[in-house]
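*Asks:* I'd like to ask some things about the structure below.
The values are calculated or read from the model by the stated rules, or taken from the named source; none is laboratory data. Everything quoted here is computed from the prediction, not taken from an experiment. Here the Cβ positions follow ideal geometry from the backbone for every residue, glycine too, while neighbour counts run over all protein chains shown. These area figures cover heavy atoms from the full protein model, side chains too; ligands, DNA and RNA do not enter into them. Shrake-Rupley method; radii C 1.70, N 1.55, O 1.52, S 1.80 Å.
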2 protein chains.
Amino acid sequence: MTIDLDRYRIAPGDAPHLDERDTADTQGLSEEQDEDRVDEQVEDNLDQIDDLQERLYAEDKQSLLVVLQAMDGAGKDSTIRSVFGPLNPQGVRVASFKAPTKEELAHDFLWRIHKQAPEAGHIRVFNRSHYEDVLIVRVHGWAAPEIIERRYDHINHFEALLADRGTRILKLMLHVSPEYQLERMRRRLERPDKHWKFNPGDLEERKLWDDYMDVFEIALTRCSTDVAPWYVIPAEERWFRDLVVSQLVLETLQDMDPQYPEPGFDPADYPPESIS
Amino acid sequence: MTIDLDRYRIAPGDAPHLDERDTADTQGLSEEQDEDRVDEQVEDNLDQIDDLQERLYAEDKQSLLVVLQAMDGAGKDSTIRSVFGPLNPQGVRVASFKAPTKEELAHDFLWRIHKQAPEAGHIRVFNRSHYEDVLIVRVHGWAAPEIIERRYDHINHFEALLADRGTRILKLMLHVSPEYQLERMRRRLERPDKHWKFNPGDLEERKLWDDYMDVFEIALTRCSTDVAPWYVIPAEERWFRDLVVSQLVLETLQDMDPQYPEPGFDPADYPPESIS
């Protein structure tokens with residue numbers, strides 16, 4: 001099964017045109033006819049990712065950073081669970097960025113982010129990220145416009161720094177429609193065991209949907225680079241979303257091509273049966 | 001399937017008598033006849049752990065710390081993979097402690113450990129831990145005897161501090177025989193893709209097996225407490241080991257009994273169909 005990933009990639013300097021994108025795109029695959037086949041492909045992708053992740057860990061030189069951003073209810077948690085959950089937890093870690101603490105606010109906005117940069121050999125997933133500082137912060141005017149204006153460059157420089165040290169960066173916006181979000185919120189209200197995920201304040205944020213799309217449009221236009229590209233993933237069909245995300249991660253790791261290191265000893269000196 | 005976990009628990013003040021324990025114990029279950037049934041039980045345990053972990057995360061009050069210690073090749077990595085790998089990576093994190101850095105050595109031995117204590121709502125697995133400071137350090141005499149002597153109390157006080165804040169602590173020694181370790185080392189030498197896991201220095205450590213058992217014996221005797229008990233897990237039959245570890249984690253979480261929090265709103269004010 002071959003899918004086209006390029007259509008989701010934002011070329012440097014291009015605008016993503018979020019309003020023209022189909023949030024339920026499946027590249028012609030249908031849930032009824034193709035879901036099983038897609039699920040198998042996702043399984044197979046995860047097996048391959050798992051092998052490559054072990055090589056990455058053994059090689060101990062490069063790392064992979066996956067940044068997830070999305071509107072509430074778009075499926076960040078479920079993507080993490082489906083695509084990164086099955087991997088070895090020793091080499092894959094999730095960093096979730098919530099409202100900054102007082103200590104974090106007493107530093108530049110990248111300070112807390114930098115601390116979570118992946119070490120060599122590791123995959124790190126950011127559930128929200130430094131992009132909040134040009135998204136929610138811009139929508140609400142929590143920082144002065146000239147401050148926010150400078151942040152796009154700071155972000156690009158920071159990501160280039162990580163890339164220079166061997167970190168590959170994939171940035172994924174999970175793209176859904178406001179109607180889809182409403183459905184998800186209703187589901188949270190229908191199920192008492194999901195009430196803890198609902199916050200009445202989310203309904204207020206929801207009214208700012210268009211403002212959010214505007215700031216996403218700006219951020220993705222200014223911060224999609226060769227070393228840290230943005231992808232806009234159609235996220236309403238979750239079985240298809242998992243295919244796209246797993247395929248992207250797989251192809252990225254294949255391109256990184258991690259290698260088992262040369263052993264620090266001569267295997268000829270240690271025939272297995274000779275050791276004791 | 002009911003298995004007896006108590007036989008692996010070290011009561012406070014008791015010696016574990018490591019040399020009298022069967023490292024291949026399976027409580028009468030046999031690989032040929034029972035492995036499938038055991039695997040199913042492990043699957044079922046993991047499903048239940050998964051549900052409880054979501055509750056723990058939602059409740060956001062308690063946390064669980066699982067400390068893993070073992071001789072090289074005893075299966076720490078594979079235990080993490082089998083029992084904690086399938087859980088949601090957002091709520092479960094592994095902290096691996098290797099040789100301390102210069103900065104870490106410039107502090108007390110619990111400084112780097114404390115930083116990795118689990119936050120409320122989370123499960124944290126320690127792959128090696130502060131116990132290295134009374135195990136390998138004692139075997140090699142890297143600290144003065146009177147310094148090491150005081151560490152047992154420091155450890156107990158530290159663990160009590162975590163427990164008082166709502167952290168449940170399980171400490172697991174994966175117990176194998178030196179013959180089993182030799183088999184595992186030979187396997188690493190037989191497979192070129194496992195060479196990176198082999199270090200000729202491991203053969204030197206292996207010669208100190210009895211010394212290691214002595215210091216484990218002391219550490220488990222002095223640091224198994226009501227709030228942070230040690231368990232000695234027979235780890236040679238991996239299918240059975242996974243049953244024991246998953247059962248222990250499950251029963252601990254059941255005992256912690258995390259609850260979904262009361263929503264911060266009155267659900268009656270938000271009928272699902274009314275929101276927009």
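*Asks:* Can you give the accessible area buried between chains A and B, summed over both chains, with a 1.4 Å probe, in Å² to the nearest 100?
*Replies:* 4100 Å²
*Asks:* Can you list the lysines whose alpha carbon sits under 19 Å from that of B:Lys207, skipping same-chain ones fewer than 8 residues off?
*Replies:* Reachable lysines: B:Lys197.
*Asks:* Taking the Cα centre of the range A:6-254 as origin, sum charge times position over the Cβ atoms of Lys and Arg (+1) and Asp and Glu (-1), and report the length of that vector in debye to the nearest 20. Walk me through the numbers on the way to the answer.
*Replies:* Details: 33 positive and 50 negative charges, 228 e Å.
Charge dipole of the range A:6-254: 1100 debye, to the nearest 20.
*Asks:* Place the label 7 angstrom along Cα→C-beta at B:Lys207 and in each other copy, then list the distances from the first to the rest in nm, shortest first.
*Replies:* 7.6
*Asks:* Shifting gears a bit: Once label points are set 7 Å from the Cα along Cα→Cβ at both A:Trp142 and A:Asp164, what is their separation, rounded to one decimal in nm?
*Replies:* For the pair A:Trp142/A:Asp164, the computed spacing is 3.0 nm.
*Asks:* Within the range A:1-100, report the GluC sites (Glu not before Pro) that DSSP leaves as loop and that have at most 11 other Cβ atoms within 10 Å.
*Replies:* On the way: sites: A:Glu20, A:Glu31, A:Glu32, A:Glu35, A:Glu40, A:Glu43, A:Glu54, A:Glu59; in loops: none.
Answer by residue number: there is no such site.
*Asks:* List the distances, in nm and shortest first, from the label point of A:Arg165 to the matching label points in every other copy, placing each point 7 Å from Cα along the Cα-to-Cβ direction.
*Replies:* Sorted ascending, the copy-to-copy spacings read 2.6 nm.
*Asks:* FRET efficiency for B:Lys98 and B:Asp36, Cβ-Cβ distance as r, R0 = 35 Å, nearest 0.05?
*Replies:* 0.40
*Asks:* Follow-up. How many Å² of accessible area per residue for the protein assembly as shown, probe 1.4 Å?
*Replies:* Ligands and nucleic acids excluded, the figure is 46 Å² per residue.
*Asks:* Could you pull out the pairs from B:Lys61/B:Lys115; A:Lys61/A:Lys115; A:Lys171/A:Lys194; A:Lys61/B:Lys98; B:Lys98/B:Lys171 whose alpha carbons sit more than 20 Å apart here? Display every interim value, and only then the final one.
*Replies:* Values: B:Lys61/B:Lys115 18 Å; A:Lys61/A:Lys115 18 Å; A:Lys171/A:Lys194 28 Å; A:Lys61/B:Lys98 17 Å; B:Lys98/B:Lys171 18 Å.
Pairs exceeding 20 Å: A:Lys171/A:Lys194.
*Asks:* Along the Cα-to-Cβ line of A:Glu149, 7 Å from the Cα, sits a label point; which residues in the range A:206-222 have backbone N less than 20 Å from it?
*Replies:* Flagged as within label range: A:214-222.
*Asks:* Need one value for A:252-265: mean number of C-beta atoms belonging to other chains within 10 Å of its residues' C-beta atoms. Intermediate values should be presented prior to the final figure.
*Replies:* Details: counts 0, 0, 0, 0, 0, 0, 0, 0, 6, 2, 2, 10, 6, 6.
Partner-chain Cβ atoms within 10 Å, mean over residues of A:252-265: 2.
*Asks:* Still on this structure, please answer the following. Counting only DSSP beta bridges with both residues in the protein assembly as shown, what percent are antiparallel, rounded to the nearest 5?
*Replies:* 5 percent
*Asks:* Which positions within the range B:167-194 get 50 Å² or more of their accessible surface covered by the other protein chains, compared to the chain by itself, with a 1.4 angstrom probe?
*Replies:* The answer is B:Arg186, B:Leu189.
*Asks:* Follow-up. Return the loop-located trypsin sites (Lys or Arg not before Pro) in the range B:130-222 (DSSP other than H, G, I, E, B) with at most 10 other Cβ atoms within 10 Å of their own Cβ; answer none if there are none.
*Replies:* Those satisfying the criteria are B:Lys207.
*Asks:* Moving on. Suppose R0 equals 41 Å; then what is the FRET efficiency for A:Ala11 and B:Glu251 from their Cβ-Cβ distance, rounded to the nearest 0.05?
*Replies:* According to the calculation, E is roughly 0.15.
*Asks:* According to the Cα gyration tensor, what semi-axes, each the square root of 5 times an eigenvalue, does the equivalent ellipsoid of the range A:119-192 have, listed from largest to smallest in whole Å?
*Replies:* The three semi-axes for the range A:119-192 are 30, 21, 10 Å.
*Asks:* Aspartates and glutamates within cross-link reach of B:Lys102: Cα-Cα under 16 Å, excluding same-chain residues under 8 positions apart?
*Replies:* B:Asp133
*Asks:* Further question: How large is the helix-only mean residue ellipticity at 222 nm for the protein assembly as shown, computed as the sum of -39500 (n - 2.57) over DSSP H runs with n ≥ 4, divided by its residue count, in deg cm²/dmol to the nearest 500? Don't skip to the answer; put the middle values down first.
*Replies:* Working: 20 runs with 239 residues, N = 552.
Calculated mean residue ellipticity at 222 nm is -13500 deg cm²/dmol.
*Asks:* I need the shape label for the protein assembly as shown. Rule: rounded when a/c is under 1.5, else prolate if a/b > b/c, else oblate, with a, b, c from the alpha carbon gyration tensor. Mind dumping the intermediate values first?
*Replies:* Details: a/c = 1.73, a/b = 1.59, b/c = 1.09.
Taking the square roots of the gyration eigenvalues as a ≥ b ≥ c, the protein assembly as shown is prolate.
*Asks:* Hey, another quick one. Report relative contact order for the range A:6-254 in percent, whole number only (criteria: Cα-Cα under 8 Å, sequence separation at least 6).
*Replies:* Value for the range A:6-254: 38 percent.
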